[in-house]
Amino acid sequence: MNPTQSLPYLPLSKSLFPVRSLTRDGLLVLGGSLFLALLSQAVIPLQPVPITLQTLGVLLVGAALGSRLGFLAVVAYLLEGLILPVFAGGATWFHPRIPFTAGYLLAFPFAAYLVGYLVERYGADRSVLKTFLSMLLANLLIYAVGVTWLGFALSGVGRYAGVWGVLQAGMFPFLVGDLLKAALAAALLPIAWRLVRR
């Protein structure tokens with residue numbers, strides 16, 4: 001029995017390509033990681049954390065591939081960053097900025113998994129409201145890990161300015177952009193489903 005048949009809702013990729021195989025899964029994981037790498041190159045260079053389309057890519061990959069493949073696609077993206085300049089602004093894991101942003105990167109696979117889980121269990125990508133709320137929830141997870149990591153990283157180099165200072169550096173500049181990205185995803189995913197059903 002195909003295990004995807006037991007899911008209450010199938011993500012987009014598994015609806016378009018319903019026959020499960022190692023080749024299908026591998027291509028979806030690779031495609032998701034490359035899509036994320038491409039979106040990561042759209043950058044507004046703030047310090048110490050730039051504004052990028054990375055998070056939008058993470059959330060779309062999770063929604064489109066589902067929890068398991070979405071998680072693996074983002075892990076593949078992180079592994080690619082060991083040798084390829086796939087992170088924001090063409091960075092790898094060895095860029096001087098990474099000690100401050102690593103928390104966000106490490107949270108990405110779990111955010112993708114969360115969105116994929118909400119899609120598979122509750123059809124979170126079928127309506128504008130559910131898509132928007134699932135994206136916000138995943139962003140909160142990314143902030144929780146990323147901002148906490150940033151606080152420790154800043155403290156380690158003598159630049160810690162308290163909780164408020166860390167929030168100003170690692171969360172507040174991104175709130176409007178993340179709301180817009182969540183709204184964009186909330187518009188795109190239900191439209192994609194309508195096209196698939198046609």
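Kindly indicate whether R97 is among the charged types (D, E, K, R) and within 30 Å of Y160 (Cα to Cα).
yes
Quick test for you: out of A73, A153, A112, pick the one residue that is touching a residue at least 40 places away in the same chain (Cβ under 8 Å) and more than 16 Å from S13 (Cβ to Cβ).
It is A153.
Give me the pairs, please: first residue somewhere in the range 12-28 and farther than 15 Å from L72 by Cβ, second residue anywhere and surrounded by fewer than 13 Cβ atoms within 10 Å (Cβ to Cβ) and of a type in the set (K, R), beta-carbon distance under 6 Å, and either six or more positions apart or on two chains.
none
Would the range 158-169 turn up any residue that is modelled with pLDDT under 90, under 16 Å from the mean Cα position of the chain (by Cα) and of a type in the set (F, W, Y)?
no
Just for the range 1-55: of the residues that are open to solvent by less than 60 Å² (accessible area, probe 1.4 Å) and in a strand (DSSP E or B), which one is modelled with the lowest pLDDT?
Per the stated criteria, the residue is I51.
Do you know which residues across the range 65-85 are of a type outside the set (A, V, I, L, M) and assigned to a loop (DSSP other than H, G, I, E, B)?
Hits for the range 65-85 are G66, G81, P85.
Looking for whichever is modelled with pLDDT of 90 or more and either open to solvent by less than 60 Å² (accessible area, probe 1.4 Å) or within 18 Å of L39 (Cβ to Cβ) (or both) here; the options are Y117, Y104. Which one fits?
Residue meeting the stated conditions: Y104.
Does L133 qualify as being free of Cβ contacts under 8 Å to residues at least 24 places away in the same chain, open to solvent by 10 Å² or more (accessible area, probe 1.4 Å) and part of a helix (DSSP H, G or I)?
yes
The values are calculated or read from the model by the stated rules, or taken from the named source; none is laboratory data. Values in this document were obtained by computation on a predicted structure and should not be read as measured data. Please note: Cβ atoms are built from the backbone with ideal geometry, for glycine as well, and neighbour counts cover all protein chains shown. Heads up: the accessible areas ignore ligands, DNA and RNA and are worked out on the full protein's heavy atoms, side chains in. Shrake-Rupley method; radii C 1.70, N 1.55, O 1.52, S 1.80 Å.
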